[in-house]
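Chemist: Encoded as structure tokens, here's the structure I'll be asking about.
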Amino acid sequence: MSRDALIFYSEFDDPRAWKATLTNELPDLDFHTDPEAVDPANVHYALAWKPPSGFFSRFPNLKLVTNLGAGVDSLVGRNDLPDVPITRLSDTGMVSLMTSYVLFAAIRYARDIPIFERAQRRSEWRYVHPRALSDIRVGVLGLGELGTPAAAALAGVGFDVRGWSRSLKQIANVKCSAGLETLDTFLGETEILIILLPLTSETRGLLDAQRLSLLPWGAKLVNASRGAVVDETALIAALKSGQIAEATLDVFTVEPLPKDHVFWGMDNVLITPHLASITVPEVAAREVAESIRLVRQGLPPLHRIDPGRGY
Ligand code: NDP
């Protein structure tokens with residue numbers, strides 16, 4: 001009997017939760033983790049994170065490839081990608097985790113918490129008069145599935161929020177701009193910069209020394225997308241000079257961040273190990289199931305990406 005099969009590949013993700021939810025949603029789906037245990041001709045769907053080179057070529061009848069994560073930078077450059085719809089994960093659990101991370105990092109700076117953390121280590125009662133959040137300008141680079149809810153949440157707690165993307169967006173209480181020609185002005189008006197851009201050929205190194213220098217003196221930077229969007233050498237120089245006062249970094253050019261990296265020793269850098277947001281399999285698998293249902297009906301799947309554009 002010919003079965004409608006899905007092949008799962010990840011060295012990081014446990015397939016059990018995915019299998020449970022997917023086969024609950026689609027009882028006729030044949031879920032496999034072992035490419036040797038399935039007839040390649042029956043494999044119509046791939047759900048994979050960084051599979052080895054040549055992985056996709058084994059399955060001649062793929063109809064859908066889903067990246068087992070939100071960022072597709074490791075997938076789009078491959079030379080074995082089949083000419084079928086490519087999708088990424090997105091789920092409400094992932095969105096709320098990222099929103100909470102961004103809110104935490106921005107509020108930590110807005111409420112001068114690093115100053116109090118340092119003062120406490122000196123047993124010092126250090127009063128800093130709080131500023132109204134409405135006076136603090138937060139800029140969100142990237143207004144996609146994660147950036148839009150984060151910008152809306154920042155506006156919701158009262159920050160003066162700006163957002164920047166490739167195409168112009170409309171988000172309540174967020175001043176939006178778009179395109180490279182508006183980036184310099186955007187940076188000049190941003191006290192707390194939140195980076196939620198995908199890593200593409202256009203965004204790699206986008207925040208270089210020149211652009212970082214446009215931020216107001218003493219700005220704060222939060223990078224929760226991909227390390228290589230920022231020129232790390234330029235960021236280190238800016239953090240040393242005080243041009244950028246503080247940074248919260250969840251992502252790095254090299255991960256895990258090497259033990260001898262200069263960021264570890266910087267008192268004005270908060271490091272988290274690439275967990276600003278994670279996929280919640282029980283929720284995301286329902287979206288994957290819905291995409292499979294759509295593809296079975298000959299309709300476009302959810303959360304499709306454009307490999308040519310890079311996101
Ligand atoms: P999306 O693809 O949904 O959105 C990307 C946004 O960036 C869009 O608004 C897009 O503009 C904008 N953009 C892309 N290229 C450019 C450009 N050249 N100039 C201006 N704007 C641009 O991504 P998500 O919001 O889902 O996620 C963002 C990134 O976060 C992911 O790519 C991933 O790398 C990272 N991530 C990190 C995690 C972590 O734990 N640290 C977890 C999950 C994701 P437009 O809307 O006009 O297309």
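Chemist: For a test of the definition: using alpha carbon positions, the gyration tensor, and the 1.5 limit on a/c, classify region 1-147 as rounded, prolate or oblate.
Modeler: Prolate is the answer for region 1-147, as a/c is 1.5 or above and a/b outweighs b/c.
Chemist: Please list 3J(HN,Hα) in residue order for region 27-36, calculated via the Karplus relation 6.51 cos²θ - 1.76 cosθ + 1.60 where θ = phi - 60°; whole Hz, with x for glycine and proline.
Modeler: The phi angles translate into x, 8, 7, 9, 9, 10, 10, 10, x, 6 Hz.
Chemist: Rounded to a whole number, what is D in µm²/s for region 92-271 from Stokes-Einstein with the Kirkwood radius over alpha-carbon pairs (4 °C, 1.567 mPa s)?
Modeler: 79
Chemist: Listed highest first by mean packing, meaning other Cβ atoms within 10 Å per residue, what order do 90-99, 76-85 come in?
Modeler: Per-residue Cβ counts within 10 Å, averaged per peptide and sorted highest first, yield 90-99, 76-85.
Chemist: So which helices of the chain fit the span-like rule, where a helix is a whole DSSP H run, its Cα atoms reach 20 Å or more along the axis, and its mean Kyte-Doolittle is at least 1.0?
Modeler: Going by DSSP H runs, the hits are 92-110.
Chemist: Is the shape of region 7-48 rounded, prolate or oblate, going by the alpha carbon gyration tensor and its root eigenvalues a ≥ b ≥ c, with a/c under 1.5 for rounded and a/b larger than b/c for prolate?
Modeler: Oblate shape, in that a/c is at least 1.5 and b/c is the bigger or equal ratio.
Chemist: Counting only residues 5 or more places away or on other chains, whose amide H sits under 5 Å from the amide H of Thr87 once H atoms are built in the peptide plane?
Modeler: Val65, Thr66, Asn67, Ile305
Chemist: Identify the GluC sites (Glu not before Pro) of region 10-110 meeting these criteria: DSSP loop state and at most 11 other C-beta atoms within 10 Å of the C-beta.
Modeler: Within region 10-110, the qualifying GluC sites (Glu not before Pro) (loop, at most 11 other Cβ atoms within 10 Å) are Glu11.
Chemist: What number does the chain give for Rg over Rh if you use C-alpha atoms and the Kirkwood radius?
Modeler: Ratio of gyration radius to Kirkwood radius for the chain: 1.02.
Chemist: State, as an integer percentage, the relative contact order of the chain based on alpha-carbon contacts under 8 Å between residues 6 or more apart.
Modeler: Across the chain, relative contact order equals 18 percent.
Chemist: Arranged from highest to lowest average of other beta-carbon atoms within 10 Å per residue, in what order do the peptides 59-70, 44-55 appear?
Modeler: By packing density, highest mean first, the sequence is 59-70, 44-55.
Chemist: Quickly estimate the mean residue ellipticity at 222 nm for the chain, helices only: each DSSP H run with n ≥ 4 gives -39500 (n - 2.57), and the total goes over all residues, rounded to 500.
Modeler: Counting only the DSSP helices, I get -8500 deg cm²/dmol.
Chemist: Express in nm, to one decimal, how much length is gained between Ser134 and Ala209 on full extension, taking 0.36 nm for each residue of separation and deducting their alpha carbon distance.
Modeler: 24.1 nm
Quick note: the coordinates plus some simple rules give every number you see, no bench work behind them. The shown structure was predicted, so the numbers you read here are calculated from the model rather than taken from an experiment. Because the Cβ atoms are built from the backbone with ideal geometry, glycine has one as well, and the counts that use them run over all protein chains shown.
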